[in-house]
Amino acid sequence: MANVNVDWSKLGFAYQPITQRYVANYKDGKWGKGGLSDDPNVTMNECAGILQYCQEVFEGLKAYKTEEGRTVTFRPDQNAKRMYDSAQRLEMPPVPEEMFLEAVDAVVKANKDWIPPYETGGALYLRPYLFATGPVIGVKPSDEYQFRLFGTPVGNYFKNGIKPITICVSDFDRAAPRGTGHIKAGLNYAMSLHAYITAHNRGYDENMFLDPATRTYVEETGGANFIFVTKDNTIVTPKSSSILPSITRRSLMTIAESLGYKTEHRPVKFDELDEFQEAGLCGTAAVICPVGRIEGKGRTINLPSGMNEMGPVLTKLYKTLRGIQQCKIEAPEAGWVHEVK
Ligand SMILES: *Cc1c(COP(=O)(O)O)cnc(C)c1O
């Protein structure tokens, strides 16, 4: 096994190369056999499609240790399906679901010593991605691609306690109307960086993108979906064709229904935000990060519940989802927790 020398208590969210990653190449119209590699570097042609026309899609998920020492991943089939859809939108050959799931298990199994212990609250963050390696200069899809999946150990997102964040409405659009906002692709992140840095420089933790066509409806942040709770405890999440379908958000909505909450997936106007009691951001990194204040369009919305801590309804959903991931609470549907043996 690997010589793993990590101070688990100091882990944040940064790249650290681990022993093995999975690599598969697409060439001559088909996927070659994938396998593990100990080389963390990618060498490719200067004219590779990823470098010229940004053909790249990715995923993010975590492998956890449970209290009894089992190793699990959470709904990896959903990541496989989403990356399949993302690849199709960018004219890339989708990675077959079986290959994706085989890569997740192979990398987790080969790097078990890199998974932070249960007590630390950390995880092995897994990054599957697909990018164009073949040369293209005329505008067209590349002929050759690589699928790669590496992992990096990450710390407990709430190491210093759960603190609500502040958000401002972005002056910039992340996505074009009917663009690629609904797929998980590096190009969307490139589009969001300037808005995010601008928000940071103005003293906010995050920024909220509004719908690019009318700037009336709430979309998401650069990397997380919104979840809201009304004063009568209905859970509301924004619906839009340019929001990334977060697996965390969809899981939380299913959990909310199973706990008896009313749920609504519908367009959410910026102007109705002050009717909500709680707000949060959801994604793989934090599960739920509470939002205390939102500013924009000349207004400040202070969420009544959650200025100092996560509100009670989001806390209930958060604890239930974490409990399911830790195999302490039964999932509302079969197949959510996948054990890597
Ligand atoms: C990954 C991502 C999310 C969160 O999705 P999860 O599947 O819950 O991790 C939300 N928005 C964007 C733009 C993303 O890329």
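The values are calculated or read from the model by the stated rules, or taken from the named source; none is laboratory data. Computed from a prediction, not measured in an experiment: that's the story for all the values here. Every residue, glycine among them, receives a Cβ derived from its backbone with ideal geometry; neighbour counts consider all protein chains shown. SASA here: full protein model, heavy atoms, side chains in, ligands and nucleic acids out. Shrake-Rupley method; radii C 1.70, N 1.55, O 1.52, S 1.80 Å.
Would you mind counting up the charge near ALA48? Only other residues with Cβ under 14 Å from its Cβ, with Lys and Arg at +1 and Asp and Glu at -1. List each step's numbers first, then the result.
Working: positive: LYS27, LYS140, ARG148; negative: GLU46, GLU56, ASP143, GLU144.
Net charge around ALA48: -1.
Here the dipole of the range 8-154 is about 200 debye; that uses its Cα centre as origin and unit charges on the Cβ of Lys and Arg (positive) and Asp and Glu (negative). Within the full protein context, the accessible area of TYR318 is estimated at about 40 Å² for a probe radius of 1.4 Å. In a simple Cβ point-charge model (Lys, Arg +1; Asp, Glu -1; nothing else charged), the range 277-341 has a dipole of about 140 debye relative to its Cα centre. Model label points for LYS10 and GLU257, set 7 angstrom from Cα along the Cα-to-Cβ axis, are 4.6 nm apart.
For every helix of n ≥ 4 consecutive DSSP H residues, a contribution of -39,500 (n - 2.57) applies; sum these over the chain, divide by its total residues, and give [θ] at 222 nm rounded to the nearest 500 deg cm²/dmol. Let's see the in-between values first.
Details: 6 runs with 75 residues, N = 341.
After summing the helix terms and dividing by residue count, I get -7000 deg cm²/dmol.
Cross-link partners of LYS65 among aspartates and glutamates, defined as those whose alpha carbon lies under 20 angstrom from its own and excluding same-chain residues fewer than eight positions apart: ASP7, ASP77, GLU102, ASP105, ASP113, GLU119, GLU330, GLU339. Estimated translational diffusion coefficient (Stokes-Einstein, Kirkwood radius over Cα pairs, 10 °C, 1.306 mPa s) of the range 165-325: 102 µm² per second.
Based on Cβ point charges of +1 for Lys and Arg and -1 for Asp and Glu, what charge dipole magnitude is obtained for the chain about its Cα centre, in debye rounded to the nearest 20? The calculated dipole for the chain is roughly 220 debye.
With R₀ set to 30 Å, the beta-carbon distance separating LYS328 from THR234 gives a calculated FRET efficiency near 0.65. In the range 165-325, taking the dipole from charged Cβ atoms about the Cα centre, the farthest positive-side position among ILE255, LEU281, VAL236 is held by ILE255. Under a 5 Å amide H cut-off, with hydrogens placed 1.01 Å from N, GLY122 pairs with ASN156 among residues at least 5 apart or on other chains. The per residue volume of the convex hull around the alpha-carbon atoms of the range 8-154 is 105 Å³.
If you roll a 1.4 angstrom probe over the protein chains with everything in place, what fraction of the accessible area of the chain belongs to carbon and sulfur, to the nearest %? Reported share for carbon and sulfur atoms: 50 percent. The label point for ASN201 and the one for THR166, both projected 7 Å from the Cα toward the Cβ, are 1.8 nm apart. When the chain is treated as a GNM, springs tying every alpha-carbon pair under 10 Å, which of ALA224, ALA103, ALA286 comes out with the largest mean-square fluctuation? Among ALA224, ALA103, ALA286, the largest mean-square fluctuation in the Gaussian network model of the chain belongs to ALA286. Working note: Karplus 6.51/-1.76/1.60 with θ = phi - 60° gives the range 128-142 the couplings x, 7, 10, 8, 7, 9, x, x, 9, 10, x, 6, 6, x, 5 Hz, where Gly and Pro are set to x. Of the whole protein surface, MET191 contributes about 100 Å² of accessible area at a 1.4 Å probe radius. Among THR73, THR320, THR300, the largest mean-square fluctuation in a Gaussian network model of the chain (Cα springs under 10 Å) belongs to THR300.
Using the Cα gyration tensor of the chain, with a ≥ b ≥ c the square roots of its eigenvalues, what is the shape: rounded (a/c below 1.5), prolate (a/b larger than b/c) or oblate (neither)? Working shown, then result.
Details: a/c = 1.81, a/b = 1.25, b/c = 1.45.
Taking the square roots of the gyration eigenvalues as a ≥ b ≥ c, the chain is oblate.
The listed residues ARG266, ARG21, ARG178, once ranked by accessible area (1.4 Å probe) with the largest placed first, stand as ARG178, ARG266, ARG21.
Within the chain, the longest run free of GluC sites (Glu not before Pro) that sit in a DSSP loop with at most 16 other Cβ atoms within 10 Å is 92-308.
When the Cα positions of GLY69, VAL57, PRO40 are compared along the charge dipole of the range 23-69, VAL57 comes out farthest toward the positive end, with charges on each C-beta of Lys, Arg, Asp and Glu.
Each residue of the range 173-187 was assigned a 3J(HN,Hα) from its phi angle through the Karplus expression (A = 6.51, B = -1.76, C = 1.60, θ = phi - 60°), giving 9, 7, 10, 8, x, 6, x, 10, x, 8, 10, 8, 9, x, 5 Hz with x at Gly and Pro. Between the C-alpha center of the range 207-258 and that of the range 74-128 there is a gap of 23 Å. Measuring between their Cα centroids, the range 1-52 and the range 290-319 lie 38 Å from each other.
Average accessible surface for the chain: 45 Å² per residue, computed with a 1.4 Å probe over protein heavy atoms with every protein chain in place.
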